[in-house]
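Taking it in order: structure first as structure tokens, then the write-up.
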Amino acid sequence: MTSSAIWHPFTQHALEPSMTRISRAEGAWLETPEGKRIFDGVSSWWVITHGHRHPKIIEAIRAQAELLDQVIFAGFTHEPAEAVAAGLLKIAPPGLRHVFFSDSGSTSVEVALKMALGYWKNTGRRRTRILALEDAYHGDTIGTMSAGARGVFNAAYEPLLFEVGRIPLPKPHHAQPTFDALEIACRKGDVAAFICEPLILGAGGMLMYDADALKEMHRICKAHDVLFIADEVMTGFGRTGTVFACEQAGISPDILCIAKGITGGSIPLAVTMCSAPIYDAHLSKDRSRTFFHSSSYTANPIACAAAAANLEVWRREPVIERILTLTANQALCLKDLEADPRFSNLRQLGTITAFELANAQQGYLADITLALRARLLERGVLLRPLGSTVYVMPPYCTTKDELKFVYRSLVDTVDEVLS
Ligand code: PMP
């Protein structure tokens, strides 16, 4: 089951000391062919929102597969794509008027960067600089890596495609250095866009910041005519307690990137939404051409059917109530760790909790991280610490008892690993 001896035909294996074969999933649980159940404490890389195989979403995937599997999305359209676009326009922050489909979070950000650069070029003004938060992660294509922090996974590809102006992450009660750096950078007049994950840096270390800081960063960008790109690939669809994290600051970005939870996580789809001026700037005079990025699978009908079903689930089921229940249960479990000196910097944003392991080595592939991961897996819990940062981000269907099992397993494993 978890053997490092067998050879895998995947290059991912180079990073993973062992692999576990999974053959089924249901709710918050994965299952091996031998019937071992593993709790999915990371929502399978933050994509599964309601739970694995939500019946309505699976039903929609099945039904669509019987009708139309794929069609070129240039000069052609289909009902599921239209339903998704119409549904997103109803729930997205106001001002986002257009929907561009693609197939992964990285591509949705890549598209956002292209839209921003194209906007300035097409309106005859020379603005080419991108600003991003320090430690940010925005994807794994070479463009999105260029916007992200220069860390262990992209150092090999330096100098990447472009240099990015780095803005320090707003610290709790000490956000002024962030605002000053953003103001100074924006004043130079060459900035096309500022990109950030609202309220939390995910892969950057589950670092959280407050809505007032987000609001102020947005205000500064607007004051200098700098486009504001919100990367809600991770935060979108309820993770932080609202459908989109931007809502908590009452802001509307010029460009919004969504993926992962857009289909409930069962199948890949991504969307980049933009405001009317950005869309208009890409329209040719005869209105026959617009923004161009021709992903083969753009708006795949089966993926769109899953996304349309997901929007329907949000409309018909008490999803926000489930999120609030999970949020409250997460808070209780986190509180239980407060008195334990081995856990520090305990923090929570909606359904996500995170904390540091005291005195642990840093680094994504540090021994402690790998040991913790392996031992937790033996106990039937999938967590993937980011260096010394442990986070718990389960599907919204997770019950109080399941969550208690996760934290109990974690404490027991830390007892073993740190002793
Ligand atoms: N942006 C953010 C904030 C993400 O968390 C991720 C994925 N973890 C991406 C972009 C890239 O998405 P994908 O892996 O679907 O390409």
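Any read-out appearing in this document is the output of simple, stated calculations on the displayed coordinates, not a laboratory observation. Note that this is a predicted model, so its numbers are computed, not measured. Using ideal geometry, Cβ is built from the backbone for each residue, glycine included, and neighbour counts are taken over all protein chains shown.
For the chain, the normalised intensity computed at q = 0.06, 0.13 Å⁻¹ comes to -0.24, -1.20 (log10 of I(q)/I(0), Debye sum over alpha carbons, equal scatterers, no solvent). Out of every Cα-Cα pair that segment 201-326 contains, those further apart than 23 angstrom amount to 43 percent. The long axis of helix 55-67 is offset from the longest Cα principal axis of the chain by roughly 50 degrees. Loop by DSSP (not H, G, I, E, B), at most 14 other beta-carbon atoms within 10 Å: where is the longest site-free stretch of the chain for chymotrypsin sites (Phe, Trp or Tyr not before Pro)? Between the exposed loop sites, the longest stretch runs 163-291. Helix 79-91 axis versus longest C-alpha principal axis of the chain: approximately 90°, rounded to the nearest ten. With the convex hull of the Cα atoms taken as the outline of segment 10-160, the averaged projected area works out to 13.6 nm². Run a plain Debye calculation on segment 275-360 (Cα atoms as equal point scatterers, no solvent) and give log10 I(q)/I(0) at q = 0.14, 0.19, 0.26, 0.27 Å⁻¹, rounded to two decimals, same order as the q list. Results for segment 275-360 at q = 0.14, 0.19, 0.26, 0.27 Å⁻¹ read -0.79, -0.91, -1.17, -1.20. When you restrict to C-alpha pairs under 8 Å that are six or more residues apart and normalise by the size of segment 194-347, the relative contact order lands at 17 percent. Taking the Cα centre of the chain as reference, the dipole from Cβ charges on Lys and Arg (+1) and Asp and Glu (-1) amounts to some 720 debye. For segment 199-268, the fraction of C-alpha pairs more than 13 angstrom apart is 66%. Anisotropy class assigned to segment 298-419 is prolate, per the alpha carbon gyration tensor with a/c at or over the 1.5 cut-off and a/b larger than b/c.
Mean sequence separation of contacting Cα pairs (under 8 Å, at least six apart), scaled by the length of the chain, corresponds to a relative contact order of 22 percent.
With only the Cα atoms considered, segment 54-101 has a convex hull volume of 91 Å³ per residue. Angle of helix 319-337 to the longest C-alpha principal axis of the chain, folded into 0 to 90 degrees and rounded to 10: 50°.
The Cα atoms of segment 323-362 cover 33, 20, 9 Å along the three principal axes, with the biggest extent listed first. Loop-located trypsin sites (Lys or Arg not before Pro) in segment 285-331 (DSSP state not H, G, I, E or B) with no more than 11 neighbouring Cβ atoms inside 10 Å: Lys285, Arg287, Arg289.
Kirkwood radius, segment 76-146, all distinct C-alpha pairs, inverse of mean reciprocal distance: 14.3 Å.
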